[in-house]
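Written out below as C-alpha cells is the structure these notes cover.
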Amino acid sequence: MAIVNDAVDVVVVGLGWTGSIMSIELAKAGLKVRALESGPERTNAEEIYPKPADQLGYSVRQKVFAKARQSALTVRHNQSQTALPTRRWGAFKPGNGVGGAGVHWTAVLIRPTPTDLKLKTWADQTYKPGQLQDDMTIQDFPVTWDEMEPHFDFFEKVCGASGQAGNIKGVIQEGGDPFEGPRSNPFPLPPLKDTLNNTIFAKAAKKLGYHPFPNPSAAASGAWTNPYGVQIAPCNYCGFCSDYYCLNYSKASPQTTILDAAKRLSNFDYRVNAHVTRVDLHDDKKTAKGVTYIDEKGQEVFQPANIVILASFQFNNVRLMMLSGIGKPYDPNTGEGQIGRNYAFLSNGNATLFFKDKNFNPFVTAGPTGQMINDFSPGTFDATPYDFIGGAKLHSSQAGGAPIGAALPHGTPSWGAGWKKGMKDWYGHSMKVSITTTCMSYRGNYLDLDPTYKDPYGQPLLRMTFDWAQNELKLQQFLRQRVLEIVKEIGPDSYTESFLKPDAHWNTTSYISTHNVGGAVMGETPNDSAINKYMQSWDVHNVFVPGGNAFPQNFQANPTLMLGALTYFSVKQITDQYIKNPGPLVQI
Amino acid sequence: MAVVNGTSRRAFLLGSVLALPTAVVSARLFGAAEAARLAAPVIDTYVPAFFAAPEWKFVMAACDRLIPADAEGPGALETNVPVFIDQELAGSYGRADDWYMEGPHDSKAPADMGFQIPYAPSEIYRRGIKATDAYTAQTHQKSFAELDAQTRDQVLTKLQKNEINFAEFGEPILKASAFFGFLLTNTQEGYLSDPMYGGNKGMGSWVMIGFPGARASFLEWIGQQGVKYPLGPVSLLGERA
Ligand SMILES: Cc1cc2nc3c(=O)[nH]c(=O)nc-3n(C[C@H](O)[C@H](O)[C@H](O)COP(=O)(O)OP(=O)(O)OC[C@H]3O[C@@H](n4cnc5c(N)ncnc54)[C@H](O)[C@@H]3O)c2cc1C
C-alpha cells in the first residue's frame, strides 16, 4: 500500500444524510473529522435555477443518482435462484455524491408511531399465538418514544419541517394526525399549500370518517433559519422535486441544512471521488484502525482513524461490514449470524383517477405535496380478522408533474395517433390515491455477497434475496379495498389501478421507493442484532453504522426522520460517553 | 465531439447563449429563443451522428408512425424526435455508460428481473433495425422504411407483441419486443423532453398538452386550484412558445 493519510479522530464513510449529521456534530464536539464520499461534489451553485427543471436529465437519465455501473446489486426471489445484477435501477435508485440520496429525495419527513417502535411487543399482545406467519422475524426497536422524541424534534428544526401537528404533549390538534405520538413542539413551519388532488382526497377521506392531514414536508413552506444558522428559502412549488436537485434552496438536503455550516469548521474536511473498499481492523478484530479507499486517480489510500462511521446507505453499509469481516454473516438455513439478516423493503399501490373537466396543474407542486391518513397503521385499526400485521400511509400525493410517463386512462393506445390524443386530452387531468406500506422481516429475506458478479474495484456485489410474503400480499388486498372505497366516494370519470395480486412476486423493475431497510439491525443483544441502540457494532466497538440497515422491519412512514433522529441519538452518546471512555456503550 | 454537422454548430450556439448573463438574454440583444430556433436542425438535411443512412431512414419511418402528425398536434418528425434519438445514441446513453454491463448475461431471464441484455442501446438499435429490415425484406421484399404507413403499423405491432422471431433473422439474443420497447420509450422521451436534447422542436408537444416546461416557479399559482394554467412553455435555454 502506497499512500497513508494523516490520522483523524473520525472517518465518515459517505456524505449523505447520516454522514452529514455525524460530521457536523462530531466536529462541533472538537474532533478532527474527515468524510470520504465515493461520488462527486454537488453544490447549490452548480444546480441553480432553472437547470434542474429537466425531466430527461434528472429523472429519466438520473444524472444525480448513483450509477448502476459502480453500485449495482444482484437480486433474486429466493435461495434456489441465481441472482442477476440490477443493470440499471428499477425498484429503488440510490444516491451518490455529496448529499447522497438527500439531494434528490421527495422530502416527506414523517415520524413513525410509538407502536412502530415496539411492534413485536404490540404484535404479541394483539395476535393469537401462531396467527402470524411463523417465518416472520420482526422485533422491537431498542429505543423508546421518549428517547427519540427530542431528536425527531431537532431534526425537524434542522430541516425546517412544514406540517400540522396532531398531538402536542398529549393534546390532540385539529387538522393533524390524531394517531401521532405526542410531540414536544408543533412543526417549525405551517404545512405546504394544498393542490387540487389534496383537497379532493381530504374531503372524501373525511366523509368516510378518516382523519386526513397534510403530508409532513421537508420542503419549507416559509423562510427558515435552522439551528446551525443555515437559511432555507420558501418553496416555490417548481414541480421538479422528487428525483431532482432543488433549484430554489427550499428542500432540506445535507447541502441546504448542514454542510454549509460544517464546512466552516476547520476540523472538518471531506474528499470526493473517494470510494471506501473496506474497514481495516486491528489483529484482535475488536477495533478498527481506519479505512481503505480508492481515490480519484485510482490509487489505494489508507485513512487512519480512531472512530469509523459507516454512513454509506443501508445496503452499502451491510456490504462494507461483510467485506471487512465485521460481525458474522447471516445464514438463512441456520438463522445464525447477524450481518445480512432481516432485510426488508416496502410495497406501494395506487389508483389513478381521471377527470375530463378538472385541471390538476400537476407541474405546480412540491415533492412532498399531499394529504394522507394514518387510519390504517398498526394500532390504529384492527387487522386481526384478516390474519396480517401491518398497514400503510394512505395518501394522495403529487410529487411531480413533468410529462414523460404521464398516466393515461385504460384503453389508451401505447403509441400512434391514439397515444398522442390521449396525452392531449388527459395530461394534467388525473390524480392518485396511493398506499405506501409496511414490510415485515422474514427468515428468507436477507443480504449476502454474490458469488459471481463484481464491482469495478473487483469486489463482490451485494446479493439481495427478497420476495413478497403472504402477509404483505394480504395487506395489499385489504388496502386495495379501502382505496377503492375512497375512489368511489370521489367519483372520477374513470380510474386505473395498480396493486399487488395475491400471487405476486417482487418486480425488480418498477420503482417503489428507496426505503430499503435492515441487514444490520439494531437490537438489545448481539443475539438479535448487529448493532446496539447507538448503532455501534457489537463486534467492533469503534465502528458505528447509522442508516436504514438499523431498522428491524419497515414501518409505513418514510424512513429519513427516524434515521436522522437515531443518528442524533447516537452522536450524542458518542460525544457524551464514548470519547471519554471508548468501549461498548451497551453492556450485556 | 464526433459530430461534424448542424448539430455541433447548434451545440456551439447554445453554449454561447448559456454563457451569456441572463440580463443580456432577456434584453433580447441576442435572444435565446432565436438562437435555439436557428440552431435546431432541419430534419431533412440533418446528418446523423450515430445512424448510418439506411438506419436513419428506418428511424424516421418508425417515429413517423409512433407519433404521427395530424390535426391534434405535431408528430415526431416535425418535432425532430429522430434527431433526439440519434444524439442520445451517439452519447453516453447509447454506450450504456451508467449501466452495469458485466457478464455473465442471462438474456432469457424473466421480465421482472429487468434489463439483462448484453447490448448497450446503440447496439440494440443497430441489431433491431437490421433484423426488422431482414423480416420486411422476406415478407414484403422492401425495407421497413419503404413500406406504406398501414404496413409499417402492422410491423410495429408485431415487434411490440414479439410476433417477429428475431432469431430467424440473424439476431439470436435480442427480442423484437425489447427492441420495440427502446424505440417507443426513446421516441416519447424525445417528443416530451426539453428541446436542448434535440427533439420537441418549438416545444410543440408541450404546447399541445399544456405543460409549461422549465418555468419552475409557481408561488402565485399554488393557491389557484383547478384554474387552467394560462401561460405557454419556456425551455431551459429561454425559448418561448
Ligand atoms: C427518489 C427518492 C425519494 C426519496 N424520498 C424520501 C422521502 O420522501 N422521505 C424519506 O424519508 N426518505 C426518502 N428517500 C430516502 C432517503 O433519501 C434516504 O433515507 C436517506 O437519504 C438515507 O440517508 P443515508 O445517509 O443513509 O444515505 P444517503 O443519503 O444515500 O448517503 C449515502 C452516501 O454514501 C456514499 N457511499 C456509498 N458507498 C460508499 C463507499 N463505499 N465509500 C464512500 N462513500 C460511499 C454514497 O455515494 C452516498 O452519497 C428517498 C430516496 C430516493 C432515492
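Give me the mean projected area, in nm² to one decimal, of the convex hull enclosing the Cα positions of region A:154-206.
The Cα convex hull of region A:154-206, projected and averaged over all directions, gives 4.0 nm².
Please compute, for peptide B:113-119, the average count of beta-carbon atoms on other protein chains lying within 10 Å of each residue's beta-carbon.
6
Under a no-solvent Debye model with one identical scatterer per Cα of region B:158-241, what's log10 I(q)/I(0) at q = 0.17, 0.19, 0.22 Å⁻¹?
-0.75, -0.82, -0.96
Using the crude model of +1 on Lys and Arg Cβ and -1 on Asp and Glu Cβ, and no other charge, please compute the dipole size for region A:3-578 relative to its Cα centre, in debye to 20.
Value, rounded to 20: 1380 debye.
Rounded to the nearest 0.05, what FRET efficiency is calculated for A:Arg443 and A:Ser266 with R0 set to 60 Å and r the Cβ-Cβ distance? Spell out each step's value before the answer.
Details: r = 49 Å, r/R0 = 0.82.
For R0 = 60 Å, the calculated efficiency reads 0.75.
May I ask you to derive the relative contact order of chain A, considering only C-alpha pairs under 8 Å and at least 6 residues apart, and to give it as an integer percent?
Working: 1492 pairs, mean separation 128.9, N = 588.
Reported as a whole number, the value is 22 percent.
On average over all directions, what projected area in square nanometres does chain A have, based on the convex hull of its Cα atoms?
25.5 nm²
One-quarter of the Cα convex hull surface for region A:1-146, in nm²?
15.2 nm²
Rg over Rh of region A:353-400, using C-alpha atoms and the Kirkwood radius, what does it come to?
1.17
Give me a single rounded figure for B:97-107: the average over its residues of other chain Cβ atoms within 10 Å of their Cβ.
Per residue, the number of nearby Cβ atoms from other chains is 6 on average.
Which order do you get for A:Glu47, A:Glu489, A:Glu296, B:Glu102 if you rank them by accessible area with a 1.4 Å probe, largest at the top?
Largest accessible area first, the list is A:Glu296, B:Glu102, A:Glu489, A:Glu47.
Calculate the radius of gyration of the Cα atoms of region B:135-192 to one decimal place, then report Dmax, the largest Cα-Cα distance, as a whole number, both in Å.
11.9, 35
Using a cut-off of 14 Å between beta-carbons, work out the net charge of the residues near B:Pro68 (Lys and Arg +1, Asp and Glu -1, B:Pro68 not included).
-1
What translational diffusion coefficient, to the nearest whole µm²/s, does region B:47-221 have by Stokes-Einstein, given a Kirkwood radius computed over alpha-carbon pairs, a temperature of 10 °C and 1.306 mPa s viscosity?
93 µm²/s
What does the charge add up to near A:Pro178, with Lys and Arg as +1, Asp and Glu as -1, over the other residues with Cβ less than 13 Å from its Cβ?
-2
What whole number of Å gives the distance from the Cα centroid of region A:182-210 to the Cα centroid of region A:71-86?
Value for the Cα centre distance between the two parts: 40 Å.
Roughly speaking, what is the centre-to-centre gap between region B:62-125 and region A:432-505 when only Cα atoms are used, to the nearest Å?
Answer, in whole Å: 27.
Among residues other than A:Gly99 whose Cβ falls under 14 Å from its Cβ, what is the net charge (Lys/Arg +1, Asp/Glu -1)?
Residues near A:Gly99 contribute -2 overall.
Against the globular-protein guess of 2.2 N^0.38 Å, express the Cα radius of gyration of region A:125-238 as a ratio, rounded to two decimals.
In units of the 2.2 N^0.38 Å rule of thumb, it is 1.33.
What aspartates and glutamates could a cross-link reach from A:Lys421, if we take a straight Cα to Cα line under 19 Å and drop same-chain neighbours fewer than 8 places away?
Those aspartates and glutamates meeting the cut-off are A:Asp357, A:Asp493, B:Asp64, B:Asp70, B:Glu72, B:Glu78, B:Asp153, B:Glu189.
Write down the Kirkwood hydrodynamic radius of region A:213-324, to one decimal in angstroms, obtained as one divided by the mean of 1/r over all alpha carbon pairs.
When all Cα pairs of region A:213-324 are included, the Kirkwood radius is 17.1 Å.
Say the cut-off is 22 Å between C-alpha atoms; which of A:Lys118/A:Lys207; A:Lys393/A:Lys432; A:Lys28/A:Lys572; A:Lys128/A:Lys533; A:Lys93/B:Lys130; B:Lys175/B:Lys201 go over it?
A:Lys118/A:Lys207; A:Lys128/A:Lys533; A:Lys93/B:Lys130; B:Lys175/B:Lys201
To the nearest Å, what is the center-to-center distance of region A:532-574 and region A:92-107, using C-alpha atoms only?
Between the Cα centre of region A:532-574 and that of region A:92-107, the gap is 18 Å.
The values are calculated or read from the model by the stated rules, or taken from the named source; none is laboratory data. Treat the numbers as computed from the prediction; the structure is a model and nothing was measured. So basically every Cβ, Gly included, is an ideal-geometry build from the backbone, and we count neighbours across all protein chains shown. What goes into the accessible areas is simple: the full protein's heavy atoms, side chains included, and nothing from ligands, DNA or RNA. Shrake-Rupley method; radii C 1.70, N 1.55, O 1.52, S 1.80 Å.
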